[in-house]
Amino acid sequence: MGSPSNLMIEITPQVLLKAYACGIFPMAESAEDPTLYWIEPERRGILALEHVHVPRRLARIVRQEKFEVRTDSAFSEVVEGCASTRAGRSTTWINRRIRELYGELFEMGYCHTVETWLDGKLAGGLYGVALGRAFFGESMFSYETDASKVALVHLVARLRHGGYCLLDTQFVTEHLRQFGAQEIGRAAFHCRLEQALQGLGEFGRLPNDVSGAGILQLVSQTSKVGCSTA
């Protein structure tokens with residue numbers, strides 16, 4: 001990871017968008033720490049949209065439509081879920097300022113959520129920032145088994161259908177590695193990012209009523225969607 005640097009300037013949504021365009025993002029040490037830090041990892045996690053692997057058991061759950069999937073309908077609840085403590089995670093980097101900033105980006109149309117619902121209750125989801133043809137994944141959570149994984153599969157389908165070519169995961173976890181997430185060097189990431197910032201993706205292009213089978217078809221189609229690095 002690159003060394004974090006203290007955010008010494010007044011951070012606004014506009015500053016945050018410029019930071020993403022430069023390949024950096026903010027984090028806090030903890031929910032109680034009011035300070036934000038710029039982060040630019042030396043090795044960056046990405047999920048190549050043209051090479052996403054959906055495990056067989058998860059594909060069956062997506063096809064069966066166990067969860068109802070919505071977008072941008074419960075932003076505050078998704079962030080709260082991402083910030084909550086639970087088994088395996090006792091701390092969070094999402095502090096009050098993070099919530100405020102991304103809430104403003106959501107109102108501006110740059111921040112989006114993918115949510116999974118079960119029996120009318122929020123079961124899991126994720127949120128991130130869309131800029132150009134890049135989507136910067138911020139955090140995900142599950143209250144129910146596989147809920148965040150289903151949200152990720154739907155996100156990939158939505159990004160592919162919407163003309164995106166870069167899904168930044170920031171870091172690579174075992175949770176993401178099963179989908180084919182990989183680490184690339186800083187220079188390679190900046191090359192992909194530069195390409196992704198040329199053009200504009202359409203997050204809302206995919207209808208919300210696409211079947212689970214249709215989602216899997218979008219994820220597995222062989223057409224090239226990656227950013228050119230030529």
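The values are calculated or read from the model by the stated rules, or taken from the named source; none is laboratory data. These numbers were taken from a predicted model, which means no experiment stands behind them. Positions of Cβ are generated from backbone atoms using ideal geometry, with glycine treated the same way; all protein chains shown enter the neighbour counts. Just so you know, the surface numbers come from the protein's heavy atoms only, side chains and all, with ligands and any DNA or RNA stripped out. Shrake-Rupley method; radii C 1.70, N 1.55, O 1.52, S 1.80 Å.
Structure notes:
- Residue within segment 217-229 that is under 16 Å from Val62 (Cβ atoms), surrounded by fewer than 23 Cβ atoms within 10 Å (Cβ to Cβ) and at pLDDT below 95 present: yes
- Residue match in segment 106-128 (condition: open to solvent by less than 10 Å² (accessible area, probe 1.4 Å), touching a residue at least 40 places away in the same chain (Cβ under 8 Å) and touching a Pro at 6+ places or on another chain (Cβ under 6 Å)): no
- Restricting attention to segment 183-211 and to residues that are charged (D, E, K, R) and part of a helix (DSSP H, G or I), the residue that is nearest to Leu159 (Cα to Cα) turns out to be Arg192.
- Inter-residue pairs, beta-carbon under 6 Å, first within 12 Å of Gly204 (Cα to Cα) and in segment 157-168, second open to solvent by less than 10 Å² (accessible area, probe 1.4 Å) and β-branched (Val, Ile, Thr), 6+ apart: Ala157/Ile215; Ala157/Val219
- Screening Thr92 against (1) open to solvent by 80 Å² or more (accessible area, probe 1.4 Å); (2) touching a helix residue (DSSP H, G or I) at 6+ places or on another chain (Cβ under 8 Å); (3) modelled with pLDDT under 95; (4) not charged (D, E, K, R) leaves a single unmet condition, (1).
- Residues of segment 34-64 satisfying the condition of being surrounded by fewer than 18 Cβ atoms within 10 Å (Cβ to Cβ), closer than 30 Å to His190 by Cα and touching a helix residue (DSSP H, G or I) at 6+ places or on another chain (Cβ under 6 Å): Glu42
- Of all residues in segment 1-25, those satisfying the criterion of being out of contact with any helix residue (DSSP H, G or I) (no Cβ under 7 Å at 6 or more places or on another chain), of a type outside the set (Lys, Arg) and at pLDDT 85 or above are Thr12, Gln14, Val15, Leu17, Ala19, Tyr20, Ala21, Cys22, Ile24.
- Residues in segment 129-156 that are hydrophobic (A, V, I, L, M, F, W, C) and open to solvent by 20 Å² or more (accessible area, probe 1.4 Å): Leu131, Met140.
- Only residues that are outside any loop (DSSP other than H, G, I, E, B), within 15 Å of the chain's Cα centre (by Cα) and not acidic (Asp, Glu) were counted across segment 104-118, and they come to 7.
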